[in-house]
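Here the structure is laid out as structure tokens; the discussion comes afterwards.
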Amino acid sequence: MTVLHRPVRRETAIVHRGRALVIAVHPRHIEIREKGRRDVLSVSYDVLYDFALKFRFRQQQAEKRESKKRRSR
């Protein structure tokens with residue numbers, strides 16, 4: 001896999017509020033913004049990874065609760 005040394009910008013296929021989202025992948029963080037806007041949100045990779053782990057854990061817990069409810073009926 002290639003190591004990232006400089007930012008790479010791409011327009012996504014996702015449209016939010018009528019505008020495409022643009023991401024910029026930097027060596028230490030990711031930036032996301034709406035196309036045509038200057039307001040940028042930055043997230044470091046470690047924070048993003050922690051968020052994804054917590055999100056997955058919460059989804060798994062919700063699935064367990066749902067399966068328990070189905071079994072108890």
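Derivation of every value follows stated rules applied to the coordinates shown; laboratory data play no part. Quantities reported herein were computed from a predicted structural model and do not represent experimental measurements. When we count neighbours, we look across all protein chains shown, and the Cβ atoms used for this are built from the backbone with ideal geometry, even at glycine.
Structural remarks
- Restricted to region 1-28, and to residues there that are exposed (fewer than 13 other Cβ atoms within 10 Å of the Cβ), part of a strand (DSSP E or B) and of a type in the set (A, V, I, L, M), the residue that is nearest to the chain's Cα centre (by Cα) is Ile14.
- Single match in Lys64, Lys69, Lys35 (criterion: surrounded by fewer than 10 Cβ atoms within 10 Å (Cβ to Cβ) and over 14 Å from the mean Cα position of the chain (by Cα)): Lys69
- If you filter region 14-42 down to residues that are of a type in the set (D, E, K, R) and in contact with a Lys or Arg (Cβ under 8 Å, 6 or more places away or on another chain), you find that the one that is farthest from Leu4 (Cα to Cα) is Arg19.
- For region 32-73, a residue qualifies if it is in a helix (DSSP H, G or I) and of a type in the set (Asp, Glu), and the qualifying residues are Asp46, Asp50, Glu63, Glu66.
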